[in-house]
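The values are calculated or read from the model by the stated rules, or taken from the named source; none is laboratory data. What you see is a predicted model, and the numbers here were worked out from it, not measured in a lab. Backbone-built Cβ (ideal geometry, glycine too); neighbour counts: all protein chains shown.
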Amino acid sequence: MTRDDRAGVGLTVCLFLFFITGCATLPAEEEKTKDLAIIERWSGDFPVADLALLPNGQRHLRAGYIGGPHAFAAVWRAFKPGEKIPAVDFSRNLVVFSRNVDFYNRTTIMTVVLAGGGLEILAMETMSAMPIDDTVAMALAVVPRSGVDFILCGDVRVPVTDGR
């Protein structure tokens, strides 16, 4: 074996070890984050008297989801009275919501991130100290359902069920 051959073998071994070491430090696939497409979004006022229309277990939370057409239709009628209910394919999508539970702050859903089956809703709000009275500012967005196991709301995990 010549000196050049040994150098080539040494380089190949180093590259192989570097590749193996690099792969060992890569994060697992389920730990990767992915920004989900926001198919459609709306912001507006939602009557406090109609908070019972939000899904059970999510009425007091800042964020959650609506997984079926009947619940969405009821929420929409309170959210945008007199406006046509948008068509949402609930076999492929979810409607997520975000709101401030402490103050009346206008809000818009900016980004929805999926990581390890958990969906996190990132919203932008105005900053006010106006108390919540008759209405709460709320935002809704349609996002893909695939891969979503739960909605993250602070430390709370809201399980996403197949409740179409």
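Some observations on this one:
- Screening Phe90, Phe97 for residues that are within 21 Å of Val156 (Cα to Cα) and either of a type in the set (Phe, Trp, Tyr) or part of a strand (DSSP E or B) (or both) leaves exactly one candidate, Phe97.
- Close pairs (8 angstrom Cβ cut-off, 6 or more residues apart or separate chains): under 19 Å from Asp102 (Cβ atoms) in region 55-71, part of a loop (DSSP other than H, G, I, E, B) anywhere: His60/Val101; Leu61/Val101; Arg62/Asn100; Arg62/Val101; Arg62/Gly154; Gly64/Leu54; Gly64/Pro55; Gly64/Gln58
- Subset of region 117-145 that is of a type in the set (Gly, Ala, Ser), more than 12 Å from the chain's Cα centre (by Cα) and at pLDDT 90 or above - its residue that is surrounded by the fewest Cβ atoms within 10 Å (Cβ to Cβ): Ala137
- The residue that is nearest to Val143 (Cα to Cα), among those in region 105-114 that are surrounded by 14 or more Cβ atoms within 10 Å (Cβ to Cβ) and in contact (Cβ under 8 Å) with a residue 24 or more places away in the chain, is Val112.
- Of the residues making up region 30-86, those that are in a helix (DSSP H, G or I), in contact with a helix residue (DSSP H, G or I) (Cβ under 6 Å, 6 or more places away or on another chain) and of a type in the set (D, E, K, R) number 1.
- All conditions but one from (1) under 15 Å from Gly64 (Cβ atoms); (2) among the charged types (D, E, K, R); (3) in contact (Cβ under 8 Å) with a residue 12 or more places away in the chain apply to Asp133; the one that does not is (1).
- Here Val101 clears all of (1) surrounded by 13 or more Cβ atoms within 10 Å (Cβ to Cβ); (2) at pLDDT below 95; (3) among the hydrophobic types (A, V, I, L, M, F, W, C) except the condition numbered (1).
- Top-ranked residue in region 47-65 [being touching a Leu at 6+ places or on another chain (Cβ under 7 Å) and not basic (Lys, Arg); ranked as surrounded by the most Cβ atoms within 10 Å (Cβ to Cβ)]: Tyr65
- Just one residue in the set Arg92, Arg77 is farther than 21 Å from Arg59 by Cβ and basic (Lys, Arg); that residue is Arg92.
- Among residues of region 76-93 being touching a residue at least 40 places away in the same chain (Cβ under 8 Å) and buried (at least 16 other Cβ atoms within 10 Å of the Cβ), the one that is nearest to Gly147 (Cα to Cα) is Asn93.
- Test: Val96 is at pLDDT 95 or above and surrounded by 13 or more Cβ atoms within 10 Å (Cβ to Cβ): yes
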